[in-house]
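One structure is given below, encoded as structure tokens.
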Amino acid sequence: MITKIVKNERGWLERAKAYILEDEVVAFHTETVYGLGANAFSDEAVKKIFALKGRPADNPLIVHVHRDYDISGLVDEIPPYAEKLCKAFLPGPLTMVYPSAGIVSPYVSCGGNTLAIRVPSSPTAQAFLKEVNLPIAAPSANKSKHVSPVTARHVYDDFAGEIPLILDGGACSGGIESTVLDCTGEIPMILRAGLVTREMIESVAGACGVYARKEGEKPKSPGMAYKHYAPKCKTAYFCAKELDRAKALYEGEKAAGGTPYFLAESAICALLSEFNTFDLGGTGEQIAQKLYTLLRKAEASATLLIGIEPTAQGGVMDGVLNRMTRAFGRNTDET
Ligand code: AMP
Ligand code: MG
């Protein structure tokens, strides 16, 4: 199969729709990361996503719809606080989990009784979703466990020859996956931190919990239980106070003939002028936007990537730090 990357070409959306109606899988730009989309009503199409990604069968998918799509038929109940949150943040990087009406393929939610729905703001995603006018099940368009894709080229690197079409909308402005919010309870509960922060949700809904898995409990958002976002090179992770230890590791790798790199925020990179560095920037938003691009660059040039935990805190840093600890393999929620 030839994989075509298309951007605003004549007939590109019609071609995407034709593939979706044939139960093919089409990758598309969103403002968070690229998605790997298929018709959520089709068992065959949804199963293809799991097979292509090598995704564990118990990790459910998010359904994507355009801004005018009526989701009331897909779910059983939308609590008043969720309606407020939709008005405030959609379209945008917020996924909301509702009791499912059981209309879409059971493979989307892995047989569970909830459904995660997202309305992306990316004009490319909106145009595609409008054209198909169907709920599109879509996880991130990377092989399972690999770094999420934030350019069409990243998707191509993981799926060339395996999918027919990538809808190129340029680089993703957000850079990390959507906030996943459980809206099945009395108050909203963050299952996965992202660009819509706890503070933002609280300011609209009045309250917002953050889900923490209890010992032995099945995770509410199964995706959070996997090691993830890992670059294909050796990695190590230190906090800023441990810089001397990190430097010693770097020197050891270099002496052994390897090519080590640091991945750190700008303030730390300024202290590492005689070392190879990938600079994440300074603010939470900058770090979110650059993280996956730099992790993918690192695997192309580094034999060892040494991450230094950013000191920026609060807001989107909850989501960023979660992605970094999981990319570097230090994750207490891992099973
Ligand atoms: P991805 O699209 O690859 O970024 O992963 C989607 C994330 O949403 C994973 O962490 C899933 O576990 C989570 N998710 C999808 N559907 C549900 C659902 N019905 N309930 C809870 N979490 C979900
Ligand atoms: Mg993913």
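The values are calculated or read from the model by the stated rules, or taken from the named source; none is laboratory data. Quantities reported herein were computed from a predicted structural model and do not represent experimental measurements. Every residue, glycine among them, receives a Cβ derived from its backbone with ideal geometry; neighbour counts consider all protein chains shown.
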Among H146, H154, which is the only one that is at pLDDT below 95 and either surrounded by fewer than 24 Cβ atoms within 10 Å (Cβ to Cβ) or under 26 Å from K4 (Cβ atoms) (or both)? H146
Go over the candidates S221, S178 one by one and state the one that is near ligand 1 (Cβ under 10 Å from one of its atoms) and at pLDDT 95 or above. S178
Residue among I49, I2, I62 that is away from ligand 2 (no atom under 16 Å from the Cβ) and either touching an Asp or Glu at 6+ places or on another chain (Cβ under 9 Å) or not charged (D, E, K, R) (or both): I2
Out of all the residues in the stretch 123-154, which are under 30 Å from K232 (Cα atoms) and assigned to a loop (DSSP other than H, G, I, E, B)? A138, P139, A141, N142, K143, S144, K145, V147, S148, P149, V150, T151
Whether any residue in the stretch 25-42 is over 14 Å from A141 (Cα atoms), outside any loop (DSSP other than H, G, I, E, B), modelled with pLDDT of 95 or more and in contact with a Leu (Cβ under 7 Å, 6 or more places away or on another chain) is what I want to check. yes
Index of the failed condition, W12 passing every other in (1) hydrophobic (A, V, I, L, M, F, W, C); (2) over 23 Å from the mean Cα position of the chain (by Cα); (3) surrounded by 24 or more Cβ atoms within 10 Å (Cβ to Cβ): (3)
Mind checking which residues of the stretch 95-118 are over 14 Å from G185 (Cα atoms) and away from ligand 2 (no atom under 16 Å from the Cβ)? A101, G102, I103, V104, S105, P106, Y107, G111, G112, I117
Could you identify the single residue in N39, N59 that is closer than 17 Å to V132 by Cβ, of a type in the set (S, T, N, Q), in contact with a helix residue (DSSP H, G or I) (Cβ under 6 Å, 6 or more places away or on another chain) and surrounded by 14 or more Cβ atoms within 10 Å (Cβ to Cβ)? N39
Being part of a strand (DSSP E or B) and within 12 Å of ligand 1 (Cβ to nearest atom) narrows it down to one of I166, I190, so name that one. I190
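Looking at the stretch 66-88, is at least one residue within 12 Å of ligand 1 (Cβ to nearest atom), exposed (fewer than 15 other Cβ atoms within 10 Å of the Cβ) and within 26 Å of G194 (Cα to Cα)? Give the derivation first.
Taking the stretch 66-88 as the starting set, the residues that turn out to be within 12 Å of ligand 1 (Cβ to nearest atom) are 74-75.
The next check asks that each one be exposed (fewer than 15 other Cβ atoms within 10 Å of the Cβ); those that pass are none.
No, there is no match, as no residue in the stretch 66-88 is within 12 Å of ligand 1 (Cβ to nearest atom), exposed (fewer than 15 other Cβ atoms within 10 Å of the Cβ) and within 26 Å of G194 (Cα to Cα).
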Picking from V150, V180, which residue would you name as being touching a Phe, Trp or Tyr at 6+ places or on another chain (Cβ under 6 Å) and touching a residue at least 60 places away in the same chain (Cβ under 8 Å)? V150
The stretch 128-171: number of residues that are of a type outside the set (A, V, I, L, M, F, W, C), away from ligand 2 (no atom under 14 Å from the Cβ) and farther than 12 Å from V33 by Cβ: 12
Between a residue in the stretch 292-318 that is under 19 Å from A240 (Cα atoms) and any residue that is crowded, with 18+ Cβ neighbours inside 10 Å and basic (K, R), which pairs come within a Cβ distance under 8 Å, given they are 6 or more apart or on different chains? D318/R198
Evaluate the stretch 299-306: report whether one residue or more is under 16 Å from G175 (Cα atoms) and surrounded by 24 or more Cβ atoms within 10 Å (Cβ to Cβ). no
Within the stretch 64-97, which residues are of a type in the set (S, T, Y) and under 18 Å from G206 (Cβ atoms)? Y81
